[in-house]
Structures are given as structure tokens and as C-alpha cells.
Amino acid sequence: MSQPKLLLNSKQINLIINRLALQLVENHGDFSQTAIVGLQPRGVHFAKKIVDRIAQISPSATVRYGELDHTFFRDDIGRGEIHIPKPSNMPFSTEKLRIVLIDDVLYTGRSVRASIDALMSFGRPAQIELLVLINRRYQRELPIEPTYIGTSIDSRNTEEYVKVDWTNQQEHVLLLSNK
């Protein structure tokens with residue numbers, strides 16, 4: 001296993017969260033027609049940070065927030081790997097709302113596709129946007145691209161993977177290798 005490469009440190013992550021929250025406020029105003037949905041499991045922590053920052057930037061905005069699990073909508077369900085579902089918490093209908101799906105890393109696009117299918121169980125949105133912390137270009141299997149990007153990496157190596165660590169005081173993003 002090769003040495004991990006630091007992609008983002010805590011300060012950089014904080015700047016990205018601030019920038020993305022400002023972009024959302026600029027594009028969605030008071031959020032009266034918008035909902036933010038964190039994708040289980042790893043997008044939820046990031047989504048909560050974005051929602052908290054929006055509340056600081058625009059205290060009058062009322063942001064609908066939900067958490068969505070896509071396990072039963074995956075195209076690989078029942079193919080050997082065990083997927084343990086997390087609870088969805090969607091206390092609103094998505095009917096005619098602009099939805100911002102938030103995840104930590106966009107890789108093949110399969111999780112996002114499954115999440116869009118799962119989202120349709122809660123109504124038909126007017127629009128769906130995707131916000132990701134890390135956009136792994138050149139590995140996409142489906143034609144899915146984010147609307148909002150924290151940062152992009154150009155890794156073509158399928159042995160490499162991105163790990164976002166929210167668990168300690170020094171949040172960071174690493175590029176690791178199985179080699």
C-alpha cells in the first residue's frame with residue numbers, strides 16, 4: 001500500500017463549504033422552493049455542514065433538509081456484496097421542489113443514479129442538482145455530472161480511492177491506494 005496523499009485539509013474543506021453554501025444561497029434565494037438532501041451514509045455529514053453554513057449566511061432562509069438511503073435502488077443489490085441500509089428521513093414531499101442532492105465523493109455515478117430513483121418515491125421534483133465535495137473525473141460509468149463541485153481529481157487509477165474523514169477534529173480528505 002502506497003503512502004496516502006492529502007487532497008484537502010480542514011482549512012481547505014471549510015473554505016469549500018463556505019463557497020458552496022454561498023453558491024446555493026445565490027442560486028436558491030430563501031430556499032422556499034428548494035430542499036437539500038444528504039445521501040446516506042457519507043453525504044449526510046457534509047450536507048449538515050452545508051445547511052449549517054447556509055443558516056449562518058442567510059438566517060432568514062428556511063431550508064428543508066432530508067436524508068436519503070438508496071440501498072434498495074442499487075443496480076448491484078443481491079449480487080454478492082452485502083449492503084446495510086441506513087434510515088431515510090424525508091419529512092416532506094419533493095413534489096415540484098428544486099432538490100440539491102449532496103454526497104461526499106462522485107465516482108462512477110451509480111450511487112447518484114440509485115439516489116435519484118429513490119428520491120422519486122417522495123414526489124416528482126421540479127429539478128435535481130448534485131453537489132459533491134470530491135468529483136473523481138475519468139472514472140464515470142454513467143453520464144452524471146455535478147452541478148456544484150468542491151474540488152476535482154483526475155485519477156485514472158482504479159486501485160486508488162478517496163477517503164473523507166469527518167470523525168476527528170482535523171477533518172481531511174485522502175487519496176489512498178490498494179497497491
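Brief remarks on what is shown
- Tensor-based shape of the chain (alpha-carbon gyration tensor, a/c under 1.5 rounded, otherwise prolate or oblate): oblate
- Pairs of lysines in the stretch 23-179 whose Cα atoms sit within less than 20 Å of one another amount to 6, provided the residues are eight or more positions apart or on different chains.
- Spin-label model distance (nm) - N178 vs R140, 7 Å beyond Cα toward Cβ: 2.3
- With 0.36 nm allotted per residue and the present C-alpha distance subtracted, the S32-N18 stretch has 3.0 nm of extension available.
- Between the amide H of T34 and those of R98, distances stay under 5 Å, these residues lying 5 or more places away or on another chain, with hydrogens modeled in the peptide plane.
- Using the 1.4 Å probe convention, the accessible area of the stretch 36-179 works out to 52 Å² per residue with neighbouring protein chains retained.
- This model, with +1 at the C-beta of Lys and Arg and -1 at the C-beta of Asp and Glu, gives the stretch 114-179 a dipole about its Cα centre of some 100 debye.
- Calculated from backbone phi, Karplus (6.51, -1.76, 1.60) coupling profile of the stretch 32-37 in Hz, x at Gly/Pro: 5, 10, 10, 10, 9, 10
- Working note: Karplus 6.51/-1.76/1.60 with θ = phi - 60° gives the stretch 98-110 the couplings 8, 10, 10, 7, 10, 9, 7, 9, 9, 10, 7, x, 5 Hz, where Gly and Pro are set to x.
- For the stretch 49-63, putting each phi into the Karplus relation 6.51 cos²θ - 1.76 cosθ + 1.60 with θ = phi - 60° gives couplings of 5, 5, 4, 4, 5, 4, 4, 6, 6, 9, x, 7, 6, 10, 9 Hz, in residue order, rounded to whole numbers and with x for Gly and Pro.
- The magnitude of the dipole of the stretch 32-179, with charges of +1 and -1 set on the Cβ of Lys/Arg and Asp/Glu and taken from the Cα centre, is near 180 debye.
- For D117 and T158, a Förster radius of 22 Å and the Cβ-Cβ distance give a FRET efficiency of 0.30, rounded to the nearest 0.05.
- Separation between Cα centres of the stretch 80-120 and the stretch 128-162, rounded to whole Å: 16
The values are calculated or read from the model by the stated rules, or taken from the named source; none is laboratory data. Please read all numbers here as calculations on a predicted model, not as lab measurements. Don't worry about glycine lacking a Cβ; one is built from the backbone with ideal geometry, like all the others, and counts go over all protein chains shown. Surface accessibility is based on the protein's heavy atoms, side chains included, excluding ligands, DNA and RNA. Shrake-Rupley method; radii C 1.70, N 1.55, O 1.52, S 1.80 Å.
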